């Protein structure tokens, strides 16, 4: 059968052609890599890496304005409240079961560490409340210019700390 010999010859020729193409490709890749490593591209890359990084990417040099700090604290207090509300509701439910459970919760909350935790949760609540009112006012376009925005951020901090201090005095 002559056509089978022809097919096998074509197959062999095709394999040899592919093998030589792979060898040429490998040699070209090695040449490109060698020229890259020896050439100016590596020097340019090293020059770029030795330059100081931009200030806006260095987290230790970023100085947020007070409204930005209040915004981050608003998010943190919201996350803290979100995580603690189920625990607080569980404690409330337990204290309502019997007078004995209420007395146990009351004695547990009399501990100084528990009072500090309660003051921290109260600050989170008061700060989140005050900052939420500030953001509602900003959404209604009250106090959107820079001096008023900074003043309202200071007011949020002052009022939330004053309310927390009052809560701490009443609690302790």
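Data overview
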{"item": "Residue order, fewest to most beta carbons within 10 Å, for 123, 154, 172", "result": "172, 154, 123"}
{"item": "Extension gain (nm, one decimal) between residue 101 and residue 82, 0.36 nm per residue minus Cα-Cα", "result": "4.4 nm"}
{"item": "Shape call, the stretch 66-171: gyration tensor on alpha carbons, a/c limit 1.5", "result": "prolate"}
{"item": "Net length gained if the chain between residue 110 and residue 60 were fully extended (0.36 nm per residue, minus Cα distance)", "result": "14.0 nm"}
{"item": "For 74, 127, order by how many other beta-carbon atoms lie within 10 Å, fewest first", "result": "74, 127"}
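Throughout, read-outs are computed from the coordinates displayed, never taken from laboratory work. Being a predicted model, the structure only gives us computed values, none of them experimental. Heads up, the Cβs are rebuilt from the backbone with ideal geometry, glycines too, and the neighbour counts pull from every protein chain shown.
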